[in-house]
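Engineer: Following this message is one structure expressed as structure tokens.
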Amino acid sequence: MKSFLKYTLIFSMVFCMAGTIAYYSVRVFTQSADEIILPELTGKNIIYVLETLTSMGLNAKLHGTLYDDKIPRHNVISQDPKPGATIKKGRDVIIYISKGPKENSVPDLRQIPFKQALILLEKNEFKKGYVSFTYSSKTPKDYIIEQYPVPFSFALKESFCHLLVSRGANPIGMVMPDIKGLRLEKAAAIIKNHNLHISEIISKKDLNKDKGTILSFTPHYGSYVTGDTPITLVVNSPENNKIMDPDKLSRVILVTYSLGPGFLKQHVKVETDMFGPIIDLYNEYMKPGEDINILVPSGIHTEINIFIDHRFEKTIIIDPWKEDNNTGDMNLWESLPLQFYQPILPGSVKN
């Protein structure tokens, strides 16, 4: 029994001594290894990073590549351990490499409308660059002729795409016709027949000229003009410096007047000066409750006088120089001035 205890004690002492020697050997070895402070690698080129880590006795481990809008391609995005950490020689340093900003495929904008092209650019994360215009017989007006970068190429997102837009076919030149002294509606018809367009209509008062006639116009008679040339008309009107929308010359207004109730037909006379001299639009008998419907050009100053059974009812004045502040529609001005009614001539009344 005593010898067993003796051998057990000796074995324990030897085991403790061996463990102590191994612990201090590892400690001495690890303390003898060099410790290094890891530098900042983010933003550095991969070649420079590999050379730096190798010279420091560290191992570079590439764990992936990522798109990055700020870090150039082939440069380090991140590192592990972080900069400033203490690391021993022979350890691994994990790095991620940038693939640079993400590139998108440039959409094909050719032969599509300009507004639609802008939507496609925004959808594909591009910006509108320089926009130039030129005439083209093959591409409709306001459609894209060419673009840069070219379609289906790759470019950085948020980069600019430059566009060449069509003005349509090259306009044919002509001589400006003489429209001075004509009524506005006739002058407008001549201009339209020459494929020209009116850009502005201005009023000017001249008591020596007929109301609604052209006093002057630009470009002047005999000038070289095209379909793109803006034309300004000065029209005789009771007030100066009023502006009329040229679109009114292509619109009409429906004027409606309802007859009152009754049993017998009523004699209706409607006269107007819309065509210059006063003429009759209606001069006939109508049933009670029927409507008088008159289509009036919205761009012509017009007075409409309505007489029922030889009695004056009302005057409706359509003034193209006045605009409604809320809707922009034409104002219909009604008045009840004294009127002299001419007797009906024999044979002029329709039963």
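Engineer: Within region 151-176, restricting attention to residues that are among the polar types (S, T, N, Q) and exposed (fewer than 14 other Cβ atoms within 10 Å of the Cβ), which residue is modelled with the highest pLDDT?
Structural biologist: Only one residue fits best here, namely S153.
Engineer: Still on this structure: Against the conditions (1) open to solvent by 50 Å² or more (accessible area, probe 1.4 Å); (2) closer than 30 Å to D68 by Cβ, where does V106 fall short? Just the number, please.
Structural biologist: Checking V106 against (1) open to solvent by 50 Å² or more (accessible area, probe 1.4 Å); (2) closer than 30 Å to D68 by Cβ, the one that fails is (1).
Engineer: Hey, among the residues in region 260-291 that are over 27 Å from M244 (Cβ atoms) and within 49 Å of the chain's Cα centre (by Cα), which one's surrounded by the most Cβ atoms within 10 Å (Cβ to Cβ)?
Structural biologist: Checked region 260-291; the qualifying residue surrounded by the most Cβ atoms within 10 Å (Cβ to Cβ) is Y282.
Engineer: Kindly list, by first and then second residue, each pair from a residue in region 250-267 that is touching a residue at least 12 places away in the same chain (Cβ under 8 Å) to a residue that is among the aromatic types (F, W, Y), limited to pairs with Cβ atoms under 7 Å and residues at least 6 apart or on different chains.
Structural biologist: K265/Y285; Q266/Y285; H267/Y285
Engineer: Of the residues that make up region 187-194, is at least one under 30 Å from K102 (Cβ atoms) and either assigned to a strand (DSSP E or B) or open to solvent by 50 Å² or more (accessible area, probe 1.4 Å) (or both)?
Structural biologist: No, the conditions are met nowhere in region 187-194.
Engineer: Same structure, new question: Mind checking which pairs have a first residue in region 177-195 that is over 10 Å from G212 (Cβ atoms) and a second that is aromatic (F, W, Y) and open to solvent by 40 Å² or more (accessible area, probe 1.4 Å), Cβ under 6 Å, 6 or more apart or different chains?
Structural biologist: From region 177-195, the pairs are D178/Y221.
Engineer: Let me ask another. Out of curiosity, is N59 surrounded by 10 or more Cβ atoms within 10 Å (Cβ to Cβ), at pLDDT 90 or above and under 26 Å from N75 (Cα atoms)?
Structural biologist: no
Engineer: Here is a list of conditions, (1) touching a Pro at 6+ places or on another chain (Cβ under 8 Å); (2) assigned to a strand (DSSP E or B); (3) modelled with pLDDT under 90, and G262 meets all of them except one; can you say which number that is?
Structural biologist: (2)
Engineer: One residue is enough: does region 54-68 have a residue meeting the conditions in a loop (DSSP other than H, G, I, E, B), more than 26 Å from D34 (Cα to Cα) and in contact (Cβ under 8 Å) with a residue 12 or more places away in the chain?
Structural biologist: Yes, region 54-68 contains at least one residue that is in a loop (DSSP other than H, G, I, E, B), more than 26 Å from D34 (Cα to Cα) and in contact (Cβ under 8 Å) with a residue 12 or more places away in the chain.
Engineer: Still on this structure: Consider I94 carefully, then state whether it is free of Cβ contacts under 8 Å to residues at least 60 places away in the same chain, surrounded by 13 or more Cβ atoms within 10 Å (Cβ to Cβ) and touching a His at 6+ places or on another chain (Cβ under 7 Å).
Structural biologist: In short, yes.
Engineer: Considering only region 217-259, state which residues are in a helix (DSSP H, G or I) and either surrounded by 15 or more Cβ atoms within 10 Å (Cβ to Cβ) or small (G, A, S) (or both).
Structural biologist: If the condition is that a residue be in a helix (DSSP H, G or I) and either surrounded by 15 or more Cβ atoms within 10 Å (Cβ to Cβ) or small (G, A, S) (or both), then P246, K248, L249, S250 are the ones that fit.
Engineer: Only one of these is assigned to a strand (DSSP E or B), of a type in the set (A, V, I, L, M) and either under 23 Å from N240 (Cβ atoms) or modelled with pLDDT under 90 (or both): I198, I145, I179. Name it.
Structural biologist: After applying the criteria, what remains is I198.
Engineer: Could you check region 112-142 and list, in sequence order, the residues that are charged (D, E, K, R) and either part of a strand (DSSP E or B) or touching a helix residue (DSSP H, G or I) at 6+ places or on another chain (Cβ under 9 Å) (or both)?
Structural biologist: Across region 112-142, the qualifying residues are K127, K128, D142.
The values are calculated or read from the model by the stated rules, or taken from the named source; none is laboratory data. All of these numbers come straight from a predicted model, not from anything done at the bench. Positions of Cβ are generated from backbone atoms using ideal geometry, with glycine treated the same way; all protein chains shown enter the neighbour counts. Accessible surface is based on the protein model in full, side chains and every heavy atom, while ligands, DNA and RNA are left aside. Shrake-Rupley method; radii C 1.70, N 1.55, O 1.52, S 1.80 Å.
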